[in-house]
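Every number in this text was worked out from the coordinates using simple rules, so none of it is lab data. The structure displayed is predicted, hence computed values, not measured ones. Every residue, glycine among them, receives a Cβ derived from its backbone with ideal geometry; neighbour counts consider all protein chains shown.
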Amino acid sequence: VGPGANELLAFLRAPRATRTFAPRAVAAADVEAIVATARWAGSARNRQPWRFVLVTDEPTRERLSRLGAYAGHLAGAPAVLVLLSRDGDGLIDTEFDLGRVAQAVTLAAHALGLGSCVATLYPDENVAAAARLVDARVGWRPRLAISLGYPGEPAGGGRPAIPRGRLSVDELLLP
Ligand SMILES: Cc1cc2nc3c(=O)[nH]c(=O)nc-3n(C[C@H](O)[C@H](O)[C@H](O)COP(=O)(O)O)c2cc1C
């Protein structure tokens with residue numbers, strides 16, 4: 001365990017889903033730094049089956065936010081990174097690869113003080129609509145989008161729809 005390891009582990013544990021954002025733009029250089037970091041995520045056979053489209057304009061974010069049952073946070077995020085994956089390549093690893101690169105985006109954003117939250121775009125008609133919206137290249141499908149922004153005041157009141165917290169290490173690391 002090297003110096004700073006505990007701080008690094010705390011950093012890796014820290015990012016929680018951020019769905020409300022301060023009205024402050026995300027610098028283009030920060031988005032570039034996020035992609036420059038996330039691109040080093042490993043993928044099966046190093047295929048890197050991902051591309052990114054940055055969406056900042058409000059009307060497009062608003063439309064994207066209606067293309068998933070729980071994608072509402074995309075409307076209020078100053079920046080949205082749409083993740084494109086290879087369409088129907090039949091490879092079981094693609095989804096796993098996208099998960100890895102998405103987590104790398106989350107951590108890189110956190111390093112820059114940015115909150116983030118994934119949104120799943122579905123069903124397939126909505127994915128097709130999102131592809132038209134972001135002018136996705138033929139053969140690439142936007143099934144996920146990630147809100148990025150400086151954390152805002154959480155929407156007050158009520159309990160979150162999704163339980164927070166995590167299973168304990170004892171529950172996870174089976175005897
Ligand atoms: C594959 C995947 C899809 C997700 N889709 C959505 C979504 O559509 N909308 C949303 O608000 N959160 C979405 N999330 C965020 C999860 O709800 C969140 O990671 C989980 O509840 C843990 O949140 P916490 O880290 O704040 O405790 C998604 C997360 C993952 C990994």
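Classify region 47-117 as rounded, prolate or oblate from the Cα gyration tensor: take a ≥ b ≥ c as the square roots of its eigenvalues, call it rounded if a/c is under 1.5, otherwise prolate when a/b beats b/c and oblate if not. Taking the square roots of the gyration eigenvalues as a ≥ b ≥ c, region 47-117 is oblate.
If we count every other residue with Cβ under 9 angstrom of Thr94's Cβ, Lys/Arg +1 and Asp/Glu -1, where does the sum land? My count for the surroundings of Thr94 gives -2.
With θ taken as phi - 60° and the Karplus curve 6.51 cos²θ - 1.76 cosθ + 1.60 applied, the whole-hertz 3J(HN,Hα) list for region 141-150 is 10, x, 9, 9, 9, 10, 6, 10, x, 6 Hz, x standing for glycine and proline. Taking amide H positions as modeled 1.01 Å from N, with prolines and chain starts lacking one, the residues under 5 Å from Thr18 and 5 or more places away or on another chain are Ser116, Cys117. Over region 1-53, all Cα pairs binned in 10 Å intervals from 0 give whole-percent P(r) values of 16, 31, 41, 12, 0, listed from short to long. Summary value for the chain: 31 percent relative contact order, contacts being C-alpha pairs under 8 angstrom separated by 6+ residues. Comparing Ala109, Ala29, Ala130 in a Gaussian network model of the chain (Cα springs below 10 Å), the most mobile by mean-square fluctuation is Ala29.
Volume per residue of the convex hull around the Cα atoms, evaluated for region 37-170, comes out as 143 Å³. Taking amide H as placed 1.01 Å from N in the peptide plane, Leu144 has its amide H under 5 Å from the amide H of Leu83, Leu121, each at least 5 places away in sequence or on another chain.
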